[in-house]
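Following: one structure in structure tokens, then a few remarks.
The values are calculated or read from the model by the stated rules, or taken from the named source; none is laboratory data. The structure presented is a predicted model; accordingly, all values stated were derived computationally and were not measured. Positions of Cβ are generated from backbone atoms using ideal geometry, with glycine treated the same way; all protein chains shown enter the neighbour counts.
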2 protein chains.
Amino acid sequence: MERVARRAKAVSLADGEPLFQQGDKATRFYLVVKGHMKLFRLAPDGNEKVIELVDAGHTFAEALMFLEQPRFPVGAVALGDTELISVDAGDFAAILRDSVDLCLALLGDMSFRLRSLIREIDDLSLHSATCRVAAFILARAPEHRDDFELDIPKHVIASRTSVKPETFSRIIKSLKSKNILEIRGSKVRLLDRQALEDAADVCGLPVEAT
Amino acid sequence: MERVARRAKAVSLADGEPLFQQGDKATRFYLVVKGHMKLFRLAPDGNEKVIELVDAGHTFAEALMFLEQPRFPVGAVALGDTELISVDAGDFAAILRDSVDLCLALLGDMSFRLRSLIREIDDLSLHSATCRVAAFILARAPEHRDDFELDIPKHVIASRTSVKPETFSRIIKSLKSKNILEIRGSKVRLLDRQALEDAADVCGLPVEAT
DNA sequence: TATATCAATTGACATGAGTCAAAGCGCTTT
DNA sequence: AAAGCGCTTTGACTCATGTCAATTGATATA
């Protein structure tokens, strides 16, 4: 464990700075200390889809080290100034050999991610854009406060929820017009949390309005 | 290892018979010996999306046993008469404690699945229906033979590729009209593998025809 | 041979979300 | 304060896919 710590490196990235690209060889994984990382896939036509937004305190790319010839299936860039700790996969794998408990913990973590991805697929194929956006905002909202900040640019949220920025804007407008929430700049205020929750899972069927 | 084998159970399912439902408690996992299993998510409106088709020789649901309170995130029914081996998660977990190698193997397996799911999300959000269908057929085609059978009903393939049966039918029709493939009943013949591969990744942009 | 059943196909039509293009707004820079 | 530059919003229009409904086909049951 000390070996890992000793050989771990700190990395600082400025806003928008890339850490690695889709297809690069993966020999290290990362822990976000401060800021956010954006993990995304690129389509041949240049379109991009944000797969995950990793906040401080979370790791990413550690699942790759068990593959034959590990390559990043996504690209990664910093959102805002970001600090990371980078760990060598080989060092870490050596530790895993000595600790079944750590293995199990990792297994648990990966199970969790697997389930999240299944939910995402469910969302994409079974739910409307409005629904996904509503669910995303809800997931970002603090438990017991209706005012909070979206510390992430809207076009990134749009990509994360798989809608175009224009569509995202229209969905927000529609939620506003139903007095479900308010958004000014990056400040969000939930006016009717319940209605938002309904929109998030009833979904398809647009809520009756006016 | 013998303990697991001794306590494993054989299960036989008739075509269409369910093994478990989405939300059921997960205490066992499964290996398909013969036939196929369909894993799917249900939307509140009754719509279903096939998440995975598990063929003989593969396991499923083993990733769940590492979660706190494991519940199946999908439902499972047999496609065609199917035989399974059912293993108790607790028994298996006990073995894992004794074998780091087995842990690592599982980790590898889960990494692989994680990557597949990311590909799926990529497909859903960045590629057209035609593209997904083309890719699916290609993935099912044997390496060096252009004639083969789809041993799975078309509406299931449709759901797997996230299109409606009607749309699936139209996509096939269009591929036929371009002399890329032929489908009669469950028999497929690839006429132009290259063109199909192109359709699978160029994707969005429909191939110029006649 | 009829008949019920379920899957697959086809046509006509509806619609959610994307595209394109033009403002508008909020920054920082000069 | 003016100018410049991204991001966001708006409007008008298009298009891929879904929906609904009817028909055909294929297989099993009587």
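Points worth noting:
- Counted residues, region A:23-73 - those being within 20 Å of A:Ala8 (Cβ to Cβ), over 16 Å from the mean Cα position of the chain (by Cα) and not hydrophobic (A, V, I, L, M, F, W, C): 5
- Candidate set: region B:162-198, residues that are acidic (Asp, Glu) and closer than 19 Å to B:Arg145 by Cα; chosen: the one farthest from DNA strand D (Cβ to nearest atom): B:Asp192
- Unmet criterion (only one of (1) among the polar types (S, T, N, Q); (2) in contact (Cβ under 8 Å) with a residue 24 or more places away in the chain; (3) within 13 Å of DNA strand C (Cβ to nearest atom); (4) surrounded by 15 or more Cβ atoms within 10 Å (Cβ to Cβ)) for B:Ser186: (4)
- Helices (runs of 4 or more DSSP H) contained entirely in region A:95-168, each with at least 1 residues that are without any contact (Cβ under 8 Å) to a residue 12 or more places away in the chain and within 10 Å of chain B (Cβ to nearest Cβ): A:100-126
- Within region A:106-151, the set of residues being within 16 Å of DNA strand C (Cβ to nearest atom) and at pLDDT below 95 comprises A:Glu149, A:Leu150, A:Asp151.
- Cβ pairs under 7 Å, 6+ apart, first in region A:1-29 and surrounded by 12 or more Cβ atoms within 10 Å (Cβ to Cβ), second hydroxyl-bearing (Ser, Thr, Tyr): A:Ala8/A:Ser86; A:Val11/A:Ser86; A:Leu13/A:Thr82; A:Arg28/A:Ser86; A:Phe29/A:Thr59
- Look at region B:64-82: where a residue is touching a residue at least 24 places away in the same chain (Cβ under 8 Å) and a partner is in a helix (DSSP H, G or I) and among the charged types (D, E, K, R), sitting 6+ places away or on another chain with Cβ atoms under 7 Å, you get B:Pro73/A:Arg115.
- Members of region B:55-88 found to be touching a Leu at 6+ places or on another chain (Cβ under 7 Å), assigned to a strand (DSSP E or B) and within 14 Å of chain A (Cβ to nearest Cβ), listed by number: B:Thr59, B:Phe60, B:Gly75, B:Ala76
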